[in-house]
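Working notes, structure below.
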Amino acid sequence: MESSNTTARNANLRYVIIGAGMAGLLAAIKLKERGETNFIVYEKGDSIGGTWRENRYPGLTCDVPAHAYTYSFAPNPDWSAFYAPGPEIKAYFEKVANDFGVMNSIRFNREVTGCRFDDAANRWDITLVDGTTDTADVVIAASGVLHHPNVPDIAGLESFAGKAFHSARWDDTAELDGARVGVVGTGSTGVQIVTALQPRTAHLVHFQRSPQWIMPVPFFEYSEEDRAAFRANPSLIDQIRYSEEYWENIYRFNRALVDPHGPDMQAIQNVVLNNLETSVKDPVLREKLRPNYIAACKRLIYSWCYYDHVQQPNVTVETGRIDHIEPAGVRMQDGTLHELDVLVLATGFKADRFIRPTVVTGRGGVSLDDAWSVRPSAYYAMTIPDFPNFFMLNGPTGPVGNFSLIDIAERQWGYIEQLLEHLRHGAKQVAPKKEAFLDYEERRIEAAKKTVFGSGCTSWYLDAEGVPASWPWSYEAFAEAMSKPKFEDYTILS
Ligand code: NAP
């Protein structure tokens, strides 16, 4: 039966938010802002920040302009630079959590191990790692995307005599200054690490399985005068965040993602190609660094200095295949041995896990693993049939690319809020209809195959069947879809 949302408000809804990263904090702040008091955030780590807690590698920077990588309701005049360093971003989230009074609602070191929907009681039974339990009317899964390290299966890794670790598990005891360091991986992470470590190391080997297109971007620090001006006149911040230029870039970039053979992608391609041709002097190195796929097929690397650093005499770009790792270093298939003291595995993440390994069981005992047996997916990236009152932020099939995930999460929250209103006014269950979900998935997959992500390269954007796991339409279409749910696509039980 459809409920009307004009019935009396249920003030006692219990919300469990999973994850105290950017999206979980957003949910907590927004619930509090609405006057909700019965919510809690369970966080598996010992502090907030999600990806900005787990990643602490040298050179960690967000390649989205800092004033755009902030909550719309919490501008920050104090960013030190156009692109903010990771520790500053983590500190920003801590400050916001304190300023908005949600820190006390977070329970740290409390990993959620299970969520089971009780159909009769219309609620979620939650189990935690320490054996305690909780119940919730609503679960907000804000557990992040890139948080399960992909440690490569390279023979002999354990035998390495030096320190070897994944980029998201940085070993602070590793001696880097004057050391011989290897970095495996050329994603945003590997490029940032190489850039930061090159000046510090005696020798650095960048192991490149695939080259990357590099988008040259400006970088500058904000002076104390700039920051004082932002503080005195916050509209200066708005002029960056909401500038026509910034948003036109986002729209143009997304048009390019959706139409990889169109003029917007051609313009991007021209910029990155020109960057390679004009920045890399040695023709042999230039060819090593030249990708054979369309720009942004893999996530485009934004860097103002990577090419400068890899051209320094203490850097080797190794494009051969790794055979194995031995105590002294990395042995290539051609027999070359790179002797190393430290080996950094910037080899990315298992991007298909999302909330898993938490065991999520929906209506009728359906497990999330079963629902996602082909690929992780969610209706408009947020809701799943048979998993009522369960909402994902930055879940599967959401927009991915070189833009602010904060903006994505805020728009998703605007959508979720409208569904929550039904629960607040008497509905017991809200879940998308299966046929609506299947229709969405069919349309999405068809469109996704035509995006640049499906144009012929490997990346974490592709699911196990090689289908891009992303939002395949324009940014404007995403904003429009988030502005109001199609309620007719939902079963709203009262
Ligand atoms: P990634 O983009 O998935 O890159 C992983 C790299 O490791 C690739 O170069 C991959 O090579 C290589 N690799 C994986 N297994 C390997 C193996 N067995 N042998 C040799 N090479 C191997 O991971 P990431 O760099 O950590 O970045 C992940 C995402 O995090 C980014 O796309 C971005 O969304 C986000 N990120 C953002 C920022 C930012 O500034 N906003 C910074 C860092 C990360 P192939 O390409 O050949 O597979």
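The values are calculated or read from the model by the stated rules, or taken from the named source; none is laboratory data. All values derive from a computational prediction rather than experimental measurement. As a convention, Cβ positions derive from the backbone with ideal geometry for all residues, glycine included, and neighbour counts pool all protein chains shown. Heads up: the accessible areas ignore ligands, DNA and RNA and are worked out on the full protein's heavy atoms, side chains in. Shrake-Rupley method; radii C 1.70, N 1.55, O 1.52, S 1.80 Å.
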Legend entry - Lone unmet requirement of (1) in a helix (DSSP H, G or I); (2) surrounded by fewer than 14 Cβ atoms within 10 Å (Cβ to Cβ) for ALA120: (1)
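Would you confirm whether or not the range 243-254 contains a residue that is basic (Lys, Arg), assigned to a helix (DSSP H, G or I), closer than 16 Å to VAL452 by Cβ and open to solvent by 80 Å² or more (accessible area, probe 1.4 Å)? Steps first, answer last, please.
Taking the range 243-254 and keeping what is basic (Lys, Arg), we get 252.
Then drop every residue that is not assigned to a helix (DSSP H, G or I), which leaves 252.
After this cut, where a residue has to be closer than 16 Å to VAL452 by Cβ as well, the list is 252.
Now restrict to residues that are open to solvent by 80 Å² or more (accessible area, probe 1.4 Å): 252.
Scanning the range 243-254, I find at least one residue that is basic (Lys, Arg), assigned to a helix (DSSP H, G or I), closer than 16 Å to VAL452 by Cβ and open to solvent by 80 Å² or more (accessible area, probe 1.4 Å), so the answer is yes.
Give GLN412, GLN418 a once-over and let me know the one that is open to solvent by 20 Å² or more (accessible area, probe 1.4 Å) and closer than 30 Å to PRO65 by Cα.
Within the list GLN412, GLN418, the selection yields GLN418.
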Legend entry - Check on ARG110, over 26 Å from TRP460 (Cβ atoms), open to solvent by 20 Å² or more (accessible area, probe 1.4 Å) and out of contact with any Lys or Arg (no Cβ under 9 Å at 6 or more places or on another chain): no
Inset, instruction - Quick one: ASP125 ticks every box in (1) more than 16 Å from the ligand (Cβ to nearest atom); (2) not hydrophobic (A, V, I, L, M, F, W, C); (3) not assigned by TED's automatic domain parsing to the domain that holds VAL359; (4) not in a loop (DSSP other than H, G, I, E, B) except a single one, so which number is it? - result: (3)
Legend entry - Residue count for the range 463-494, restricted to those that are in contact with a strand residue (DSSP E or B) (Cβ under 6 Å, 6 or more places away or on another chain) and open to solvent by 40 Å² or more (accessible area, probe 1.4 Å): 2
Inset, instruction - Report yes if some residue within the range 62-84 is open to solvent by 20 Å² or more (accessible area, probe 1.4 Å) and in contact with a Gly (Cβ under 9 Å, 6 or more places away or on another chain); otherwise report no. - result: no
Legend entry - Test: residue in the range 41-54 that is modelled with pLDDT of 95 or more, of a type in the set (A, V, I, L, M, F, W, C) and either open to solvent by 20 Å² or more (accessible area, probe 1.4 Å) or in a loop (DSSP other than H, G, I, E, B) (or both): yes
Legend entry - Residue that is in the same structural domain as ASP63 (by TED's automatic domain parsing), hydroxyl-bearing (Ser, Thr, Tyr) and under 22 Å from TYR293 (Cβ atoms), where the choices are SER483, SER459, SER404: SER459
Inset, instruction - Please tell me if PRO234 is of a type outside the set (Val, Ile, Thr) and buried (at least 18 other Cβ atoms within 10 Å of the Cβ). - result: no
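Has the range 92-101 got any residue that is part of a loop (DSSP other than H, G, I, E, B) and touching a strand residue (DSSP E or B) at 6+ places or on another chain (Cβ under 8 Å)?
Kept after step one, since they are part of a loop (DSSP other than H, G, I, E, B), are these residues of the range 92-101: 100-101.
Retained after the next criterion (residues that are touching a strand residue (DSSP E or B) at 6+ places or on another chain (Cβ under 8 Å)): none.
Taking every residue of the range 92-101 in turn, none turns out to be part of a loop (DSSP other than H, G, I, E, B) and touching a strand residue (DSSP E or B) at 6+ places or on another chain (Cβ under 8 Å).
Could you identify the single residue in ALA155, ALA136, ALA161, ALA179 that is away from the ligand (no atom under 16 Å from the Cβ), open to solvent by 50 Å² or more (accessible area, probe 1.4 Å), aliphatic (A, V, I, L, M) and over 18 Å from the mean Cα position of the chain (by Cα)? Quick ask: steps written out before the conclusion?
Values: ALA155 fails: away from the ligand (no atom under 16 Å from the Cβ); ALA136 fails: open to solvent by 50 Å² or more (accessible area, probe 1.4 Å); ALA179 fails: open to solvent by 50 Å² or more (accessible area, probe 1.4 Å).
Going through ALA155, ALA136, ALA161, ALA179 in turn, the sole match is ALA161.
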Legend entry - Cross-chain or 6+ apart pairs with Cβ under 7 Å, the range 28-40 first and modelled with pLDDT of 95 or more, then in a helix (DSSP H, G or I) and of a type in the set (Gly, Ala, Ser): ALA28/SER105; PHE39/ALA28; PHE39/SER105; ILE40/SER105
